[in-house]
Amino acid sequence: MKELSEILDKISLIIDSYESGKFISLNDLRTINRQLSCNIYYLTKYNIEYFNEHNSIIYNEKTTSNAKAVVKANNDVPELRMTRKILDAAKAVSISLNNELSIMKRD
């Protein structure tokens, strides 16, 4: 499995390239959209791992309240929130890419 830092770096590079506007051809947009989609998939695998780890902490914390267990899990697995937020943002960029591709196909 790809390293998390490698996935995050690749997503950032793709988004930086897309934002710059240098990808104006249909083929270039298809390429970066494919790359972004694949990296969203890889990041989702990490997100699932962190989610399971987070839930395990909550489930196994028997000595405190559920609210305290959630706070402990949030502190112990901050990657869950980070990956969730990046996934949301990356999906929004992917939707934008798809919209732009659709417009270019019609023209």
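General observations
- Cβ-defined net charge surrounding THR64, 15 Å radius [Lys, Arg +1; Asp, Glu -1]: +1
- Cα gyration tensor, the chain - rounded (a/c under 1.5), prolate or oblate: prolate
- In this structure, GLU19 and GLU53 have a Cβ-Cβ separation that, at R0 = 30 Å, corresponds to a calculated FRET efficiency of about 0.40.
- Extension reserve of the ILE103-LYS62 stretch, reckoned as 0.36 nm per residue once the Cα distance is removed: 9.3 nm
- Which listed pairs, of LYS2/LYS68; LYS2/LYS85; LYS10/LYS85; LYS45/LYS72; LYS10/LYS45, have C-alpha distances above 24 Å, in listed order: LYS2/LYS68
- With Cα atoms, 0 to 90° folded angle of helix 78-106 axis to the chain main axis: 20
- Using a Gaussian network model of the chain in which every pair of alpha carbons under 10 angstrom is joined by a spring, one finds that among GLU53, GLU79, GLU19 the greatest mean-square fluctuation is at GLU19.
- Calculated [θ] (222 nm, deg cm²/dmol) that DSSP helices of n ≥ 4 give over the chain, each run adding -39,500 (n - 2.57): -30000 deg cm²/dmol
- On full extension, the segment bounded by LYS91 and GLU3 gains 29.7 nm, given 0.36 nm per residue less the C-alpha separation.
Quick note: the coordinates plus some simple rules give every number you see, no bench work behind them. What you see is a predicted model; the values in this text were computed from it and never measured. Neighbour counts run over all protein chains shown; Cβ positions are idealised from the backbone, glycine included.
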